[in-house]
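The values are calculated or read from the model by the stated rules, or taken from the named source; none is laboratory data. As the structure is a computational prediction, the values presented were derived from the model and not from experiment. Reconstructed Cβ throughout: ideal geometry from the backbone, glycine too, with neighbour counts over all protein chains shown. Ligands, DNA and RNA are stripped out before the accessible areas are found, and what is left, the full protein with its side chains, is counted by its heavy atoms. Shrake-Rupley method; radii C 1.70, N 1.55, O 1.52, S 1.80 Å.
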Amino acid sequence: MHGSMCKAYHAGKGAELGLRSALMAELGFDSAREPIASPKGYLNVAAGDRAVSRLTDRLGDRYLIRENGYKPMPAGY
């Protein structure tokens with residue numbers, strides 16, 4: 001996608017879907033109570049494992065950004 005119009009499209013599509021979600025919620029659109037950990041939720045579909053505790057382990061205590069390398073320029077390589 002780098003070097004094409006599609007790269008900018010990704011950010012725009014994310015913004016569009018965020019706004020659309022907010023407008024739908026304002027109109028009363030709802031979803032599952034447990035979209036992450038329910039039997040038909042994201043974890044079960046994507047990982048086959050509903051161990052939410054692994055997602056929240058040390059939440060607020062551990063920041064992986066500190067372990068990330070320095071990115072000298074905004075590029076995809």
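Of the listed requirements (1) open to solvent by less than 70 Å² (accessible area, probe 1.4 Å); (2) at pLDDT 80 or above; (3) of a type outside the set (A, V, I, L, M), Gly69 misses just one: (2).
Scan Arg33, Arg58 and give me the residue that is modelled with pLDDT of 85 or more and among the basic types (Lys, Arg). Can you show your working first?
Values: Arg58 fails: modelled with pLDDT of 85 or more.
Just one listed residue meets the conditions, Arg33.
When Gly18 is tested against (1) open to solvent by 70 Å² or more (accessible area, probe 1.4 Å); (2) assigned to a helix (DSSP H, G or I), only condition (1) is not met.
Within segment 40-51, the set of residues being modelled with pLDDT of 80 or more and either surrounded by fewer than 10 Cβ atoms within 10 Å (Cβ to Cβ) or outside any loop (DSSP other than H, G, I, E, B) (or both) comprises Lys40, Tyr42, Leu43, Asn44, Val45, Ala46. Filtering Arg62, Arg58, Arg54 for residues that are farther than 29 Å from Pro74 by Cα, free of Cβ contacts under 8 Å to residues at least 60 places away in the same chain and not in a helix (DSSP H, G or I) leaves a single hit, Arg58.
No other residue among Gly28, Gly3 is in a loop (DSSP other than H, G, I, E, B), open to solvent by less than 100 Å² (accessible area, probe 1.4 Å), modelled with pLDDT under 85 and farther than 28 Å from Arg54 by Cβ apart from Gly3.
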